[in-house]
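S.K.: Pasting in a structure now, in structure tokens, and then I'll have a few things to ask.
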Amino acid sequence: MSEAKARRGNYFEDFSVGQVIEHAAPRTLSSGDVALYMGLYGPRFAVQSSDAFARAIGYPGAPLDDLLVFHTVFGKTVADISLNAIANLGYAECRFLRPVYPGDTLSAVSEIIGVRENSNGASGVVYVRTFGRNQRGNRVLSYVRWVMVRKRDRLAAAPSAVVPELAAKVEPADLGAAVPNLDVARYDFALAGAPHRWGDYAEGERIDHLDAMTLEEAEHQIATRLYQNTARVHFNHHEPSPFKGRLVYGGVVISLARALSYNGLANAFHIAAINAGRHVGPCHAGETIYAWSQILEKAEIPGRSDIGALRVRLTATKNRSCADHPLFTPTGAYAEGVLLDLDWWLAMPR
Amino acid sequence: MSEAKARRGNYFEDFSVGQVIEHAAPRTLSSGDVALYMGLYGPRFAVQSSDAFARAIGYPGAPLDDLLVFHTVFGKTVADISLNAIANLGYAECRFLRPVYPGDTLSAVSEIIGVRENSNGASGVVYVRTFGRNQRGNRVLSYVRWVMVRKRDRLAAAPSAVVPELAAKVEPADLGAAVPNLDVARYDFALAGAPHRWGDYAEGERIDHLDAMTLEEAEHQIATRLYQNTARVHFNHHEPSPFKGRLVYGGVVISLARALSYNGLANAFHIAAINAGRHVGPCHAGETIYAWSQILEKAEIPGRSDIGALRVRLTATKNRSCADHPLFTPTGAYAEGVLLDLDWWLAMPR
Amino acid sequence: MSEAKARRGNYFEDFSVGQVIEHAAPRTLSSGDVALYMGLYGPRFAVQSSDAFARAIGYPGAPLDDLLVFHTVFGKTVADISLNAIANLGYAECRFLRPVYPGDTLSAVSEIIGVRENSNGASGVVYVRTFGRNQRGNRVLSYVRWVMVRKRDRLAAAPSAVVPELAAKVEPADLGAAVPNLDVARYDFALAGAPHRWGDYAEGERIDHLDAMTLEEAEHQIATRLYQNTARVHFNHHEPSPFKGRLVYGGVVISLARALSYNGLANAFHIAAINAGRHVGPCHAGETIYAWSQILEKAEIPGRSDIGALRVRLTATKNRSCADHPLFTPTGAYAEGVLLDLDWWLAMPR
């Protein structure tokens, strides 16, 4: 009985379609989290950096960085969903639904929307839709992820496969819910760091973000604990593992690449949606992260004359400059050093 | 004269029974400290994690983690008490007397309650009772520690030995002062992460907390500076030392083990008292901390129907799993890898 | 066109005397930054550590550490001024003009006040006067720095040399603007950690600060990102560089030395001005910082009976104790291990 109090997490056969899981523990985010997020990644987007800048354009104060919200909600799901995961396979239909401010308390609830056992009988893929909510019960975030999870017992019967249909991208009409109507005339482009508006970007345009960051063990551990993400692969150097030491939580790579992308996308102040995302390879401390972006699509947001959306493919690499825009080899495999392949919608002033 | 302005700390012969020392400097703790504490250890106890959760059950907001309070008060004493310490020998009679919230300012005062020179004439043991106070002068913490301190001058006369009688444990009637009367009906066990209440634990029960954390130099240094603890052994890798590099402040091990203990003791949200504690061996960066707990005793707290107390023996190890509950060898010595042997009272909802 | 959106920074030939640059991005500093600053350096000056202490003597609350203000303003200038710098050569005429509190938003503007091409035709020195402002547009900081910057094109014509005359020191009448009139009778010297007032120091006095800190990669990276300073030499271990790995931002050394200087200058609670400063050599992670101070001058501040000023030469070394007050060799070169040679005015209670 006693050992049962310490949880080993769910295995593939513990999940069934329709199951709803309320995740522990709610978490109040504060200006302390804002400062630590700044210290860990160094973002410079003016809206999140300055209360005065945010107020001038119509926010009540600087909203939290969208990825701090994402990682906090994601972190809550780990103990229930992915403690026994082999790999985090992908994201889809991620939307930011309301701004989150210091003092707000986030909690998370997930629904299992698909299961499919692997042919090896040792694991399966679980599809989960997760909602992040604030202290008033309002949804602030919604996303789907799918993850490969070990079976506890290889002999457990395989469930009927259910694979959800997921949108290839979030529709422009579904973007911008987390951005109040802005007074763009009061958006100071000089203070924000670049003159480029939504209209200044072209589909197909490629931007090497130039800067790079070498990642340390203490940095990714502090970040991952800040999100109360307790997946063991990130923290235990002693336990034998199939990986070369501790694995960096993929969200750390996303946040670093996002911060680097300021140099070239300084006014893309809000992540409106994540259409798709893939962690192409593992990341370890000591590696240096570079990033580049390609503009995939430009879209007006229905009903919004203040902001427009850029669909951007963000690629992060390790120990490899992005000057030559690496992504695929001629044979279609990911190029050496590619770590992250992310497709997201960014909101910019028009 | 000039060098006298930089203090080298007190030596054994500087202490006398009855001496009262007001420690510098007062420190306002904020939501920034809460975030950094989260990033350094990753605790998930819902009461400290969420303002909304804490308010629902009767707190005005999330209280600070008890160990953040302890380390802050302890840190203030170092410059006066233990700058020339050889070893921190033990703790007793530690009680948390009032909740502490972001914005509160803590200061510390100590009374020397015992001195006993060692037979080698080179050092002695100093017993100190320390009180932590808030900005209103109310006591929030009280504890005794004893520490082995070098003599400045081996020829200095030995004082009469005074060894205080210390309680083997804090009495249940003295627990819970830092917890307001709670509305347990509004304590959401699903949100808190586990269904187990005080009544669900049994005396003798042993819990391996399963998770583990590898510790980095930057992490323990940031933590120890956060507490304004300036003991040189934690920070100086250059100066020759009898230790293998920088020593980790023992409080960092306690906080890591406490955070790990969430997995198995998720609703033990408050440290009501520390009965005894011993740092069994040194800890260095690069080592991986594991922990397990044994329930020593269950006690009702007189006058409280909302919470009960569990007396728990928490053991932390380094580079060794706690699956086999390591503590002693058959000959009664501490087992290899045991770092910390702590006896504390935890409060849980009934 | 696309690459132009990611900025490579200005080169020597991009600067001209009289040019005014508004720097991105404004930044709200909070109690989160205070906590992180504490964790990174461990300062113990009571005025900045405690709201209660600061209020007792006449502040509305604890002001931010002066160097947190300095580094934040400095950080904003990097993308425009020193991204292509070879070396940061010096500081002068640095004055702290108003207190800054948690919640204030800082921005920065610079004027180019001098340019002088080097004889090698490959680089030149740029002199910049920078102002930091709060959200009300009031100046909180003013300083001059000069920096050696690469030319983009060696063939670009050399501008007429303009070298500004800079004061050897800030005059006492220009000190103390950032300190409200204090009620020194309520300044509790025991709580502050030392009895020494302004009058207790003597010109010529030398103080070894005794303590030391070994610096880690994660620490200086987190600090430098906290200031949104994006100079690549601090972050990229992968890119080949003439340096031995990542260079530590010089401001980190200043902050560490300032925190160490508490031991001997505990009541020198405010940096009123920086007269001159030189980073004598590079600093890397793994090195251990020591510091000592010499009192160069004592000055009354006209119109102030509450505080006086000490002009102090602060020297920081690496991997070398300051017990013998190292600064110059007999031939007048900097002694081995000297990292920082700083001349500043500190304010103390009288």
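The values are calculated or read from the model by the stated rules, or taken from the named source; none is laboratory data. No experiment lies behind these values; they were computed from the predicted model shown. Note that each Cβ is placed from the backbone with ideal geometry, even for glycine, and that neighbours are counted across all protein chains shown. Just so you know, the surface numbers come from the protein's heavy atoms only, side chains and all, with ligands and any DNA or RNA stripped out. Shrake-Rupley method; radii C 1.70, N 1.55, O 1.52, S 1.80 Å.
S.K.: Of all the Cα-Cα pairs you can form in segment A:154-196, what percent are over 16 Å apart?
M.R.: Within segment A:154-196, distances greater than 16 Å cover 70 percent of Cα pairs.
S.K.: List the residues of segment A:215-241 whose accessible area drops by at least 40 Å² when all protein chains are present, compared with their chain alone, using a 1.4 Å probe and counting only protein heavy atoms.
M.R.: Residues passing the criterion (a loss of at least 40 Å², heavy atoms only) are A:Glu216, A:Ala218, A:Glu219, A:Ile222, A:Arg225, A:Gln228, A:Thr230, A:Arg232, A:Phe235, A:Asn236, A:His238.
S.K.: Label-point separation (nm) for C:Val163 and A:Ala167, each offset 7 Å from Cα along Cα-to-Cβ?
M.R.: Result for the modelled spin labels: 6.4 nm.
S.K.: Could you tell me the relative contact order of segment A:187-340? Use alpha-carbon pairs under 8 Å, at least six residues apart, and round to a whole percent.
M.R.: This gives 30 percent for segment A:187-340.
S.K.: On to the next question. FRET efficiency for C:Ala4 and B:Leu155, Cβ-Cβ distance as r, R0 = 60 Å, nearest 0.05?
M.R.: Step by step, r from the Cβ atoms, then E = 0.20.
S.K.: Just to confirm the numbers: B:Gly245, label point 7 angstrom along the Cα-Cβ line, distances to the other copies in nm, shortest first?
M.R.: Those separations, rounded to one decimal, come out as 1.1, 1.1 nm.
S.K.: Still on this model: Amide H of A:Ala272 versus every other amide H placed in the peptide plane: which residues, excluding those fewer than 5 positions away on the same chain, fall under 5 Å?
M.R.: Result for A:Ala272 returns A:Trp345, A:Leu346, A:Ala347.
S.K.: A further question follows. Report D for chain A in µm² per second (integer): Stokes-Einstein, Kirkwood Rh on Cα pairs, 20 °C, 1.002 mPa s.
M.R.: It diffuses with D of about 103 µm²/s by this estimate.
S.K.: Across the residues of C:265-273, average count of Cβ atoms on other protein chains within 10 Å?
M.R.: 1
S.K.: Need the C-alpha centroid separation for segment A:252-311 versus segment B:132-188, integer Å.
M.R.: Result: 51 Å between the Cα centres.
S.K.: To continue, here is another question. Of the candidates A:Ala190, A:Ala276, A:Ala177, which one comes out as most mobile in a Gaussian network treatment of chain A with C-alpha springs shorter than 10 Å?
M.R.: Highest fluctuation of the listed residues: A:Ala190.
S.K.: Once Rh is set to the Kirkwood radius over Cα pairs, what Stokes-Einstein translational diffusion coefficient, in µm²/s, holds for segment C:1-87 at a temperature of 25 °C and a viscosity of 0.890 mPa s?
M.R.: It diffuses with D of about 154 µm²/s by this estimate.
S.K.: Rounded to whole Hz and in sequence order, give me ³J(HN,Hα) for segment A:292-297 from the Karplus expression 6.51 cos²θ - 1.76 cosθ + 1.60, θ = phi - 60°, writing x for Gly and Pro.
M.R.: Residue by residue, segment A:292-297 yields 9, 10, 10, 7, 8, 6 Hz.
S.K.: Moving on. Can you list residues from other chains, or at least 5 along the same chain, whose modelled amide H is less than 5 Å from the amide H of B:Leu339?
M.R.: The list, which skips near neighbours in sequence, is B:Ala316, B:Thr317, B:Lys318.
S.K.: At q = 0.18 Å⁻¹, what log₁₀ I(q)/I(0) does a Debye calculation on the Cα points of segment C:298-350 give, no solvent, two decimals?
M.R.: The computed values of log10 I(q)/I(0) come out as -0.66.
S.K.: Put a point 7 Å out from Cα along the line to Cβ at C:Arg197; what are the distances to that point in the other copies, in nm, shortest first?
M.R.: The answer, with the shortest distance listed first, is 6.1, 6.2 nm.
S.K.: Show log10 I(q)/I(0) for segment C:38-135 at q = 0.12, 0.15, 0.21 Å⁻¹, two decimals, from a solvent-free Debye sum over equal Cα scatterers.
M.R.: Per q value, in the given order, log10 I(q)/I(0) is -0.52, -0.73, -1.12.
S.K.: Mind checking the log10 I(q)/I(0) for the protein assembly as shown at q = 0.04, 0.08, 0.09 Å⁻¹? Debye, one equal scatterer per Cα, no solvent, two decimals.
M.R.: Once normalised to I(0) and log-transformed, intensities are -0.19, -0.81, -1.04.
S.K.: What is the local net charge at A:His23, summed over the other residues whose Cβ is closer than 10 Å to its Cβ (Lys, Arg +1; Asp, Glu -1)?
M.R.: Charge balance near A:His23 sits at -1.
S.K.: Calculate, for the protein assembly as shown, the solvent-accessible area per residue in square angstrom, rolling a 1.4 angstrom probe over the heavy atoms of the protein chains.
M.R.: On a per-residue basis, 33 Å².
S.K.: Using alpha carbons only, what's the Rg to Rh ratio of segment A:84-235 with Rh from Kirkwood?
M.R.: Rounded to two decimals, Rg over Rh is 1.04.
S.K.: Hey, any idea what % of chain A's accessible area is carbon plus sulfur with a 1.4 Å probe?
M.R.: Here it works out to 50 percent.
S.K.: If I build a Gaussian network model for chain A, linking alpha-carbon pairs within less than 10 angstrom, which residue out of A:Asp324, A:Asp211, A:Asp33 has the largest mean-square fluctuation?
M.R.: Top of the fluctuation ranking is A:Asp324.
S.K.: Take the Cβ-Cβ distance between A:Asp324 and C:Ser241 as r, set R0 to 22 Å, and report the resulting FRET efficiency rounded to the nearest 0.05.
M.R.: Efficiency, from the Cβ-Cβ distance: 0.60.
S.K.: Report, in order of residue number, the helices in chain C meeting two criteria: a C-alpha extent of 18 Å or more along the helix axis, and a mean Kyte-Doolittle hydropathy of at least -1.0; treat each whole DSSP H run as one helix.
M.R.: C:66-81
S.K.: Return the value, in Å² to the nearest 100, of accessible area buried between chains C and A (probe 1.4 Å, both sides summed).
M.R.: 3300 Å²
S.K.: Just to be sure I understand: with springs between alpha-carbon atoms less than 10 Å apart, which residue in C:Ala156, C:Ala231, C:Ala25 has the highest mean-square fluctuation in the Gaussian network model of chain C?
M.R.: Taking springs between Cα atoms under 10 Å, the residue moving most is C:Ala156.
S.K.: Can you list the equivalent-ellipsoid semi-axes of segment B:178-253, largest first and in whole Å, using the square root of 5 times each Cα gyration tensor eigenvalue?
M.R.: 39, 17, 12
S.K.: Grab the other residues whose beta carbon is less than 9 angstrom from that of B:Arg232, score K and R as +1, D and E as -1, and report the net.
M.R.: -2
S.K.: For the pairs A:Lys76/A:Lys244; A:Lys244/A:Lys318; A:Lys76/B:Lys298; A:Lys169/A:Lys318, note any where the Cα-Cα span goes beyond 19 Å.
M.R.: Violating the 19 Å Cα-Cα cut-off are A:Lys76/A:Lys244; A:Lys76/B:Lys298; A:Lys169/A:Lys318.
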